[in-house]
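**Q** Dropping a structure here in structure tokens format, bear with me for questions.
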Amino acid sequence: MTELPDPKSLSKSRAQDELVRLATILTKANIAYYSKDSPELSDADYDALKRRNIFIEELFPDLKRADSPTDQIGATPSEGFLKVTHAVEMLSLSNIFDDLGVNEFDLRIRKYLNLEANSPLEYISEPKIDGLSLSLRYENGHLVQAATRGDGKLGENVTANALTIKDIPKFLKNVPTVFEVRGEVYMAHADFDKLNLRQSAAGHKPFANPRNAAAGSLRQLNPAITAARPLNFFAYAWGALSKPLSKTQMGAIRKIESFGFKVNPLSKICNGPIEMIKNYHLIEQKRADLGYDIDGVVYKVNEISLQLRLGFRSTTPRWATAHKFPAELAWTRLEEIDIQVGRTGALSPVARLSPVTVGGVVLSNATLHNEDYIAGFDSKGVDIRAGKDIRVGDWVQVYRAGDVIPKVADVDLSKRPANTVHFVMPEVCPECGSAAIREAGDAVRRCLGGLICPAQAVEKLKHFVSRAAFDIDGLGAKQVEQFYADKWIREPADIFTLRRRFSVGLKQLKYRNGWGEKSATSLFDAIDDRRKIPINRMIFALGIRNVGEAAANLLAVHYKSWRVFSAAMREASRDDPIWCDLISIDGVGEVMAQSLVTTFQQDAEWESIQRLTAELEVELLVKSPITNSILADKTVVFTGTLSKMSRAEAKNRAESFGAKVAGSVSVKTDLLVAGPGAGSKVKKAADLGVKILSEDDWLQLIGDL
Ligand code: IVH
């Protein structure tokens with residue numbers, strides 16, 4: 001965007017032309033953004049154009065257009081699809097990127113299961129199809145529902161569209177009463193090329209790649225359009241079942257094939273990492289001739305009883321992983337390094353690139369992480385890129401791997417222009433002018449502006465409404481920015497007073513450009529729907545540094561009620577019993593505890609949280625309470641060596657019976673499971689009168705001996 005003339009140099013008539021141009025681009029971009037499958041501008045470019053528009057309007061207020069993009073919030077939202085709750089969550093896969101990763105995956109699994117290094121363990125390896133996942137539910141053999149993954153819990157109901165896909169049977173014989181099959185919808189290369197020819201001939205924009213084409217085709221509100229698009233389906237997994245399919249993954253896949261589904265012909269059983277790596281390279285060789293896109297190889301533990309033991313982390317199974325193909329690379333020029341300020345005040349350098357196409361997608365930004373990364377070393381001081389620093393004006397090699405944010409892989413020093421200089425991080429926040437400090441041990445520089453920094457405030461609000469937090473329908477990042485810019489909302493509590501303030505009187509939401517009676521009412525209703533919020537979402541939504549979704553869940557399980565949790569955070573001080581109780585939670589360390597306590601004990605933050613809770617009813621944890629177990633709500637501590645399972649598995653098993661697992665013994669401990677080599681914890685437990693079990697007693701208790 002550097003080539004655009006400085007707005008201050010524009011004559012009035014050129015400014016007027018420029019506002020027309022910007023209104024056209026931004027309106028188009030809004031429509032593309034909201035139809036989601038073909039974003040035209042990167043977020044950063046969109047923001048830059050929007051800022052330029054605002055700036056010109058400020059210079060020439062009388063030129064502001066009636067349809068100014070400044071007042072538009074998105075395009076008219078489409079009717080959308082109905083949401084459906086997945087009976088069994090649809091998860092994603094963890095990734096590995098090299099042969100070493102395969103060995104580590106195998107070792108992790110063996111460790112978790114407490115298996116010897118040389119005992120046999122079968123895996124399946126199969127292509128990772130680059131499409132979009134779909135869950136098909138059959139009841140008594142009839143296809144009753146097709147749903148996209150969505151956020152894993154809630155998907156979109158696309159049944160009418162799925163019915164038009166030829167690889168998807170409508171009726172099945174001899175299947176369990178409830179049978180959910182999962183797999184990937186994709187478009188073959190030949191079909192993709194033909195579709196794009198048709199698109200161009202009809203004056204429509206061609207799709208960037210087969211995955212976007214498949215997604216755009218499946219998520220059509222008019223099923224007739226989906227029907228006209230050549231989509232395929234490979235089955236590779238399942239969800240709810242009224243009867244198990246098989247004892248092994250391969251057996252289940254064969255059964256699914258016998259029901260009439262296409263399954264990938266390259267699925268193969270491998271005995272350990274050597275065979276897995278060999279098969280990975282075999283599939284990689286075949287990749288170009290398959291006729292459809294794959295972006296890696298998926299490994300899954302074959303034995304289903306072992307899959308069940310291994311279970312899941314918060315969003316990915318332990319028993320499977322995706323070995324990704326190396327990302328495509330491209331060289332381009334680094335035009336500028338901009339600084340973005342995040343919700344916790346972190347200053348993040350972003351590379352503005354000369355646009356370059358990588359894997360069908362145009363890249364114009366890449367993350368540069370932090371100042372050390374730019375200087376050429378990592379957090380431990382070890383060289384990266386052989387110690388080459390990154391400078392404005394450099395030729396840089398960029399890549400994107402799947403959904404990962406584009407990164408800079410290398411710098412070509414032979415092309416470095418003369419007179420380039422080392423990059424220096426600003427010492428003041430570019431957004432609010434507060435000091436930006438890098439504390440010892442922190443990789444990033446942070447703005448100290450806190451609540452007064454507009455960038456932090458907006459990012460906090462965006463986080464607050466994000467999917468895993470309040471997830472308010474119709475209130476996304478763009479709307480939040482707009483409402484913030486107009487001073488309609490400054491902090492989360494303001495979202496809940498929008499209806500009171502903007503549904504009556506002169507200034508009403510429905511009068512705004514892009515809004516109407518219906519959309520305004522829907523937004524107010526969607527906000528009201530969220531006044532009741534589960535405690536884990538509430539904790540995560542606050543956007544406290546070091547407190548992610550998994551941590552919020554742990555805190556919610558531990559404290560259960562908002563009142564108890566917030567009082568503890570207000571009162572805890574280092575090493576007192578409340579603090580010790582906080583860090584006794586397995587998964588909560590000193591750093592996280594300190595972030596929580598600091599936030600709650602800052603008066604301005606606390607007042608803002610109180611204004612928010614005054615609008616809400618924070619619910620107790622929604623996790624289905626396990627009340628019929630003798631371990632429900634008991635606090636268990638493990639110590640010493642366990643021989644039948646790893647510590648991690650023991651912990652997860654205990655939690656699955658409704659127990660809490662703590663790291664240290666205290667008056668709250670109900671049970672200590674002590675293996676050989678246990679030390680001081682046994683004595684402490686004995687002193688406190690806590691019941692002590694051996695590993696075998698414990699296994700007997702959970703019925704697993
Ligand atoms: S198994 C619980 N197998 O990759 C794990 N996924 O990055 C269920 N995918 O969301 C997924 N090919 O959309 C599995 N052979 C395959 C796959 C596959 C493609 C997709 C799927 C998943 C994503 C995770």
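Since every read-out is calculated from the coordinates, none of them should be taken as a lab result. Quick caveat, the model's predicted, so the values are computed rather than measured. Note: ideal-geometry Cβ built from the backbone for every residue, glycine included; neighbour counts use all protein chains shown.
**Q** List the residues of the stretch 147-168 whose backbone N lies under 15 Å from a point placed 7 Å from the Cα of Ser629 along the Cα-to-Cβ direction.
**A** none
**Q** Roughly how many whole Å is it from the C-alpha centroid of the stretch 199-238 to that of the stretch 551-566?
**A** 43
**Q** What are the aspartates and glutamates whose alpha-carbon lies under 15 Å from the alpha-carbon of Lys64, with same-chain residues fewer than 8 places away excluded?
**A** Asp17, Glu18
**Q** Taking 8 Å as the Cα distance limit and 6 or more residues as the minimum spacing, I'd like the relative contact order of the chain as a percentage. Before the final figure, lay out the partial values.
**A** Working: 1211 pairs, mean separation 68.7, N = 705.
Worked out over the chain, it gives 10 percent.
**Q** Same structure, new question: Dipole of the chain (Lys/Arg Cβ +1, Asp/Glu Cβ -1, origin at the Cα centre): which of Ala201, Cys453, Gly689 lies farthest to the positive side?
**A** Ala201
**Q** Same structure again: Round to a whole angstrom and tell me the spacing of the C-alpha centers of the stretch 443-485 and the stretch 133-188.
**A** Distance between centres, Cα-based: 36 Å.
**Q** Any aspartates and glutamates with Cα under 18 Å of the Lys668 Cα? List them, leaving off those in the same chain fewer than 8 positions away.
**A** The reachable aspartates and glutamates, counting only those whose Cα sits under 18 Å from Lys668, are Asp575, Asp576, Asp581, Asp586, Asp633, Glu655, Asp687.
**Q** Tell me which trypsin sites (Lys or Arg not before Pro) from the stretch 364-420 have a DSSP coil assignment and no more than 14 other beta carbons within 10 Å of their own.
**A** Lys380
**Q** Let me ask another. Quick one: order Asp106, Asp167 by neighbouring beta-carbon count within 10 Å, fewest to most.
**A** Asp167, Asp106
**Q** Let me ask something additional. Which Cα, out of Gln307, His558, Asn161, lies furthest along the positive dipole direction of the chain (beta carbon charges, K/R +1, D/E -1)?
**A** Result: Asn161, furthest along the dipole toward the positive end.
**Q** Another question, if that's okay. Within the stretch 424-461, list the GluC sites (Glu not before Pro) lying in a DSSP loop whose Cβ has at most 14 other Cβ atoms in a 10 Å radius.
**A** Glu427, Glu439
**Q** For the residue pair Ser242 and Ala604, what label-to-label distance in nm results when each label sits 7 Å from Cα along the Cα-to-beta-carbon direction?
**A** Placing both labels 7 Å beyond Cα along the Cβ direction yields 6.0 nm.
**Q** Further question: Does the stretch 180-307 classify as rounded, prolate or oblate by the C-alpha gyration tensor (a ≥ b ≥ c root eigenvalues; a/c under 1.5 gives rounded; else a/b over b/c gives prolate, otherwise oblate)?
**A** Since a/c reaches 1.5 but b/c is at least a/b, the shape of the stretch 180-307 is classed as oblate.
**Q** Taking the DSSP beta bridges in the chain as the whole, what percent of them are antiparallel, to the nearest 5?
**A** 80
**Q** Okay, next question. What size of dipole, in debye to the nearest 20, comes out for the stretch 180-277 about its Cα centre when the only charges are +1 on Lys and Arg C-beta atoms and -1 on Asp and Glu C-beta atoms?
**A** 160
**Q** If R0 is 35 Å, what FRET efficiency do you get for Val382 and Asp528 from their C-beta distance, rounded to 0.05?
**A** Values: r = 52 Å, r/R0 = 1.49.
The formula returns an efficiency of 0.10 here.
**Q** In debye, nearest 20, what is the charge dipole magnitude of the chain about its Cα centre with +1 on Lys and Arg Cβ and -1 on Asp and Glu Cβ, if you could check?
**A** Here the chain has a charge dipole of around 1340 debye.
**Q** Here is a further query. Got a sec? How would Leu620, Leu461 order by Cβ neighbour count within 10 Å, fewest to most? Write down the numbers at each step before the final one.
**A** On the way: Leu620 13, Leu461 25.
If I rank by nearby Cβ atoms, fewest first, I get Leu620, Leu461.
**Q** Turning to a different aspect of this structure: Determine the equivalent ellipsoid of the stretch 382-450 by diagonalising the alpha-carbon gyration tensor, then write out the semi-axes as square roots of 5 times the eigenvalues, largest first, rounded to whole Å. If you can, show how the numbers build up before the last one.
**A** On the way: eigenvalues 144, 59, 34 Å².
In descending order, the three semi-axes are 27, 17, 13 Å.
**Q** In addition: Using a Förster distance of 45 Å, how high is the FRET efficiency between Asp289 and Glu3, based on the Cβ-Cβ distance and rounded to 0.05?
**A** After rounding, the FRET efficiency stands at 0.60.
**Q** Sequence neighbours fewer than 8 away in the same chain don't count; with that in mind, list the lysines whose C-alpha is under 19 Å from Lys388.
**A** Leaving aside lysines fewer than 8 places away in the same chain, those within reach of Lys388 are Lys380, Lys407, Lys415.
**Q** If you don't mind, another one. Putting +1 on Lys and Arg Cβ atoms and -1 on Asp and Glu Cβ atoms, find which of Val396, Gln482, Ile630 reaches farthest to the positive end of the dipole of the chain.
**A** Projecting each Cα onto the dipole axis, the largest value belongs to Ile630.
**Q** Give Lys532/Lys560; Lys111/Lys681; Lys166/Lys243; Lys128/Lys268; Lys462/Lys487; Lys50/Lys478 a once-over and call out the pairs whose C-alpha atoms are over 18 Å from each other.
**A** Values: Lys532/Lys560 15 Å; Lys111/Lys681 24 Å; Lys166/Lys243 26 Å; Lys128/Lys268 13 Å; Lys462/Lys487 15 Å; Lys50/Lys478 11 Å.
Pairs exceeding 18 Å: Lys111/Lys681; Lys166/Lys243.
**Q** Take the alpha carbon gyration tensor of the stretch 550-687, find the square roots of its eigenvalues, order them as a ≥ b ≥ c, and report rounded if a/c is under 1.5; if not, report prolate when a/b exceeds b/c, else oblate.
**A** Verdict is prolate for the stretch 550-687.
**Q** For the stretch 222-273, what is the convex hull (Cα atoms) projected area averaged across all directions, in square nanometres?
**A** Working: hull surface 23.6 nm².
Taking a quarter of the hull surface, the average projection is 5.9 nm².
**Q** Could you state the principal axis extents of the C-alpha atoms in the chain, from the largest down, to the nearest angstrom?
**A** Result, largest extent first: 85, 62, 61 Å.
**Q** How big is the C-alpha Rg of the stretch 345-394 next to the rule-of-thumb value 2.2 N^0.38 Å, as a ratio?
**A** Working: Rg = 12.5 Å, N = 50, 2.2 N^0.38 = 9.7 Å.
That works out to 1.29 for the stretch 345-394.
**Q** What FRET efficiency comes out for the pair Val144/Asn209, r = Cβ-Cβ distance, R0 = 25 Å, nearest 0.05?
**A** Values: r = 32 Å, r/R0 = 1.27.
It comes to 0.20.
**Q** Right, next: Would you work out if the stretch 432-502 is rounded, prolate or oblate? Take a ≥ b ≥ c from the square roots of the eigenvalues of the alpha-carbon gyration tensor; rounded if a/c is under 1.5, else prolate when a/b is larger than b/c, oblate otherwise. Write down the numbers at each step before the final one.
**A** On the way: a/c = 3.03, a/b = 1.88, b/c = 1.62.
Judged from the Cα gyration tensor, the stretch 432-502 comes out prolate (a/c at least 1.5, a/b above b/c).
**Q** Do any cysteines of the chain lack a neighbour Cys whose Cβ is under 4.7 Å away, and which are they?
**A** Cys270, Cys580 - these cysteines have no disulfide-compatible partner (Cβ-Cβ under 4.7 Å) in the chain.
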